[in-house]
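> Dropping a structure here in structure tokens format, bear with me for questions.
The values are calculated or read from the model by the stated rules, or taken from the named source; none is laboratory data. For clarity, every value in this text was computed on a predicted model and none was experimentally measured. Using ideal geometry, Cβ is built from the backbone for each residue, glycine included, and neighbour counts are taken over all protein chains shown. We work out accessible area using only protein heavy atoms, side chains counted, and drop any ligands, DNA or RNA first. Shrake-Rupley method; radii C 1.70, N 1.55, O 1.52, S 1.80 Å.
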Amino acid sequence: MTPEHASELARKICDLAPVVPVLVIKDAAQAEGLARALVKGGLPALEVTLRTPCALEAISEMAKVAGGAVGAGTLLTTQDVENAKKAGATFGVSPGATDRLLDACEANDLPLLPGAATSSEVMRLLERGYTVQKFFPAEANGGAPALKAIGAPLPQVKFCPTGGISIKNVNDYLSLSNVLCCGGSWVAPSDLVDAGDWDGIEALAREAAALKR
Ligand code: 3PG
């Protein structure tokens with residue numbers, strides 16, 4: 001898959017809803033209920049971070065939920081890409097980007113939302129053909145004002161900012177012309193996930209899905 005095609009597909013994923021839930025799953029038994037609640041609440045694109053032992057199993061469970069688009073986050077290595085693809089992930093997300101990771105995603109036909117934090121990182125990805133990128137970690141890098149400033153000379157690049165975003169500051173990002181959607185974990189807080197409070201999570205998803213962009 002070319003970077004241009006990957007970006008087209010990444011854009012479609014980002015267009016699905018204003019927020020992509022970033023999920024750290026501790027128990028694969030929680031995966032299906034969590035995915036159902038988020039999709040029902042209006043957030044179909046889900047990022048499962050490869051940071052817990054059951055993450056790949058969780059992706060497989062979530063991939064069965066109708067109406068969802070399940071991606072693998074925290075992709076770092078070629079092996080991560082191959083594992084994610086096998087588990088049923090339809091897109092990938094990474095905190096940054098290396099040539100080896102980009103090569104692996106392109107070779108495995110996994111559309112990637114590659115992470116960038118500076119103008120040079122954005123330009124390097126753009127040079128390779130990636131026009132849809134993740135701005136990470138968003139708040140620690142200066143937040144919405146920084147992303148707006150990066151976008152002034154690079155309006156052709158669109159972003160999914162992630163990291164430190166919540167219902168309190170999400171509108172600062174969604175109002176920018178270079179933001180397609182935002183990533184965040186606030187829609188699936190661990191206390192609600194651990195309690196299996198799917199109604200509570202659906203309500204948070206509904207609130208996020210109604211945000212204007
Ligand atoms: C992460 O690193 O887990 C993601 O960027 C999500 O960040 P958040 O928990 O600040 O939303």
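> Kindly write out, for region 190-202 in residue order, the coupling ³J(HN,Hα) from the Karplus curve 6.51 cos²θ - 1.76 cosθ + 1.60 (θ = phi - 60°), rounded to whole Hz, with x marking Gly and Pro.
Rounded to whole hertz, the list is 5, 5, 6, 5, 4, 7, x, 7, 5, 5, x, 6, 4.
> On to the next question. Hey, can you grab everything whose amide H is under 5 Å from the amide H of G184? Only 5+ residues off in sequence or another chain; H modelled, so Pro and N-termini drop out.
V20, V22
> Compactness ratio of region 145-204: Cα Rg over 2.2 N^0.38 Å, N = residue count?
Taking N as the residue count of region 145-204, the ratio is 1.38.
> Using the Karplus curve 6.51 cos²θ - 1.76 cosθ + 1.60 with θ = phi - 60°, work out ³J(HN,Hα) for each residue of region 33-42 in order, rounded to whole Hz, and write x for Gly and Pro.
For region 33-42, the Karplus curve yields x, 5, 4, 4, 5, 5, 5, 4, x, x Hz.
> Residues of region 186-211 with amide nitrogen under 14 Å from the 7 Å Cα-to-Cβ point of K168?
Counting only backbone N, you get 186.
> Oh, and also: Rounded to the nearest percent, how much of the accessible area of the chain (1.4 Å probe, protein heavy atoms only) is carbon and sulfur?
That share works out to 54 percent.
> If you build a Gaussian network model of the chain, linking Cα atoms that sit under 10 Å apart, which residue out of G73, G143, G196 swings the most?
Per the Cα network of the chain with a 10 Å cutoff, G196 tops the list.
> What is the calculated FRET efficiency for E127 to K86, with r their C-beta to C-beta distance and R₀ = 41 Å, to the nearest 0.05?
That pair, E127 with K86, gives E of 0.85.
> Right, here's the next one. Please turn the phi angles of region 74-80 into ³J(HN,Hα) values with the Karplus equation 6.51 cos²θ - 1.76 cosθ + 1.60 (θ = phi - 60°), one per residue in order, whole Hz, x for glycine and proline.
Taking θ as phi minus 60°, the curve returns 6, 6, 10, 10, 4, 4, 4 Hz for region 74-80.
> While we're on this one: Would you kindly calculate the translational diffusion coefficient of the chain, applying Stokes-Einstein with the Kirkwood radius from alpha carbon pairs, for 37 °C and a viscosity of 0.692 mPa s, and quote it in µm² s⁻¹ without decimals?
Stokes-Einstein gives a translational diffusion coefficient of 197 µm²/s.
> Just I25, I59, I150 to compare: in a GNM of the chain, with alpha carbon springs under 10 Å, which one fluctuates most?
Of I25, I59, I150, the most mobile in the Gaussian network model is I150.
> Skip the ligands, DNA and RNA, and give the accessible area per residue of region 3-209 with a 1.4 Å probe, whole Å².
Per-residue accessible area for region 3-209 comes out at 41 Å².
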